[in-house]
Amino acid sequence: MRALLAVAVAAFAVGGCGGSSGSTSASISLSPSSTTSAAAITLPVVTYVRAGGRTAPADRERLAVEADGRFTMQRSVRSPAVGRFAGRLRPVEAGALDAAARAAAAAGPLTATRVPDAAAETVTVDGVTATFGGGTVSGPWGALAVELRRLLDDLVRAPVAAVALVVAPDGSTATLKRLGDEPLTVDLSKLSVTATVFGPDGNVAGTWKSSPAPAAGPVSTAAGWTSALPFDHGLAMGAGAKLQVSAAFAVEGGAVLATTSAG
C-alpha cells in the first residue's frame with residue numbers, strides 16, 4: 001500500500017452566534033444506506049470523477065452508481081469525511097439522478113474547455129462522456145453535474161472506511177475519528193494542524209499552525225479509533241466568529257489526497 005496525504009478541514013461558528021455544534025460526527029447523518037432500497041427504476045450506469053487542481057491536496061473524487069441504485073464513492077477534499085463509502089441511493093436521489101442522467105446522455109458527448117489549474121471533471125452515462133472543469137457547464141450536463149456534486153456531499157452518510165475531523169463546539173479541541181467498519185491505515189508521522197479564525201465580516205482575524213512533532217507511523221485503524229490532535233491555538237474567538245481547522249496526515253488502503261470539512 002502507498003501512503004497518501006490527507007487534509008481534514010472543519011469550519012463552524014463560535015461565540016454564541018447560533019452556528020452549528022462544530023462536531024463532524026454530528027454534521028454527518030449516518031444511515032444504513034446499504035439496506036435502503038432505491039426507487040423501483042432501472043438507472044443509467046453513471047460514473048463521476050473529479051481529479052487534479054492547483055490547490056494541494058488535489059481532488060481525487062469518484063462516484064459510481066449502478067443500475068439498481070447501488071453506489072461506491074471515494075471522497076478526498078472538502079468533505080465532512082474522507083475515504084471510502086458505499087450503499088444504495090434513496091428513492092428521491094435515484095429519481096433525480098435518473099432524470100438528469102438520461103437528459104445528459106440524450107444531449108450527446110461534451111468536451112468543454114477547462115479553466116487552467118482547475119480540477120478536471122469527467123462524467124459518463126451509459127458510455128456517453130462529458131469532460132469539463134473550473135467553470136459553469138450549462139444545459140443537461142450542467143444539471144447532471146449539480147446532482148453529482150450534491151451526491152458527493154450527501155453520500156458521506158454511508159462510510160465504509162473513512163476518517164472525519166471532529167472539533168469541539170467551543171473550538172478547544174480537535175480529534176480525528178474513524179467512521180465505517182472496514183480497516184483503514186492512518187499515518188500521523190507528518191501531521192500538521194492549522195486553525196484560522198474569521199471575524200463576523202468574513203476577514204481573517206487570526207491563524208495558527210502546529211509545530212512539527214514526532215508521531216507514530218502507520219497504524220491500522222478500525223471503528224471506534226480516535227486520535228486527539230495538537231490544538232493549543234490560543235486564538236481569540238468572539239461572538240460571530242468562525243473557526244476553520246485543517247489537519248494534514250497520510251492514509252493508506254484506498255483513501256486519497258484528502259480534505260474533509262465539517263460544520
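The values are calculated or read from the model by the stated rules, or taken from the named source; none is laboratory data. Worth saying up front: this structure is predicted, and the values here are computed from it rather than measured. As a convention, Cβ positions derive from the backbone with ideal geometry for all residues, glycine included, and neighbour counts pool all protein chains shown. Please note that ligands, DNA and RNA were not included when accessible areas were found on the heavy atoms of the full protein model with its side chains. Shrake-Rupley method; radii C 1.70, N 1.55, O 1.52, S 1.80 Å.
Data table
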read-out	value
THR207 versus ALA99: modelled label distance in nm, points set 7 Å from Cα along the beta carbon direction	4.4 nm
Most to least accessible of LYS190, LYS177 (protein chains only, probe 1.4 Å)	LYS190, LYS177
Charge dipole magnitude, Cβ of K and R +1, D and E -1 - segment 171-232, Cα centre, debye nearest 20	100 debye
Rg and Dmax of segment 119-263, Cα atoms only, in Å	18.4, 53
Nearby lysines by direct alpha-carbon distance to LYS190 (threshold 21 angstrom, same-chain neighbours under 8 apart not counted)	LYS177, LYS209
Environment charge of THR136, counting only residues whose C-beta is closer than 13 Å and scoring Lys/Arg +1, Asp/Glu -1	+1
